[in-house]
Amino acid sequence: MDGINLMVDEHIVIKRMLAVIRNACIGIMNGNNIDYDDFDKMIDFVRNYADNHHHGKEEKILFSKMIDEIGGAAEKLVRFGMLVEHDLGRLFMKDFEEALLAVKNGDNDAKVDVVANAVSYTHLLNRHIDKEDTVAYPFAKRGLSSETLQKIDNECGDFEKEMGKSGVQDKYIKLLEFLERKYK
């Protein structure tokens, strides 16, 4: 298994969910009611597939090895770029969820916060993914030793097997496909 290529493939899946979130927000702007259950599913996907599953591999496996082995520029790229953006994405999701709760509790004006935070998240993640695919990952492939790249592959393989035991990947792909049919 090529761990970095796996992460690139996961980016494709995550970008598909970003399109779903954006389309759902366009629906709100066009007067559709908020389907709270669907938005809860989107948040679940972001937190458990994009963040825990995907970012888990980046943060625990790839980025830590980049900092340890390459140092300098890799540390700046990871600590002051990629990790900051991961945290900003988490903030947008927290604020998005709080805004949904506010609307659900009768604060109709909070719809603007639902849309603002959701769309801000999609913009951030689309740009973030592009930076990882075109800058961070190629930098890692160039700068890390073949032994370290092999360790990344092995650790990603182990991580995927462990997640596969609980069905994480299948669950979230099916969830994505369900929401894509609804929000095309």
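The values are calculated or read from the model by the stated rules, or taken from the named source; none is laboratory data. The shown structure was predicted, so the numbers you read here are calculated from the model rather than taken from an experiment. Because the Cβ atoms are built from the backbone with ideal geometry, glycine has one as well, and the counts that use them run over all protein chains shown.
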Legend entry - Given (1) buried (at least 19 other Cβ atoms within 10 Å of the Cβ); (2) in contact (Cβ under 8 Å) with a residue 40 or more places away in the chain; (3) within 22 Å of E132 (Cα to Cα); (4) under 15 Å from the mean Cα position of the chain (by Cα), index of the condition F96 fails: (3)
Legend entry - Residue among D38, D87 that alone is free of Cβ contacts under 8 Å to residues at least 40 places away in the same chain and not β-branched (V, I, T): D87
Legend entry - Selected residue (criterion: surrounded by the most Cβ atoms within 10 Å (Cβ to Cβ)) from residues of region 143-165 that are over 30 Å from E98 (Cα atoms) and among the hydrophobic types (A, V, I, L, M, F, W, C): I152
Legend entry - Which listed residue, of D95, D107, D158, D130, is more than 30 Å from D40 (Cβ to Cβ), of a type in the set (D, E, K, R), out of contact with any Pro (no Cβ under 9 Å at 6 or more places or on another chain) and modelled with pLDDT of 95 or more: D158
Inset, instruction - Consider M82 carefully, then state whether it is buried (at least 19 other Cβ atoms within 10 Å of the Cβ), in contact (Cβ under 8 Å) with a residue 60 or more places away in the chain, hydrophobic (A, V, I, L, M, F, W, C) and part of a helix (DSSP H, G or I). - result: no
Legend entry - Subset of region 108-142 (residues that are surrounded by fewer than 17 Cβ atoms within 10 Å (Cβ to Cβ) and either touching a residue at least 60 places away in the same chain (Cβ under 8 Å) or within 20 Å of the chain's Cα centre (by Cα) (or both)): A116, S120, H123, N126, R127, D130, K131, D133, T134, V135, P138, K141
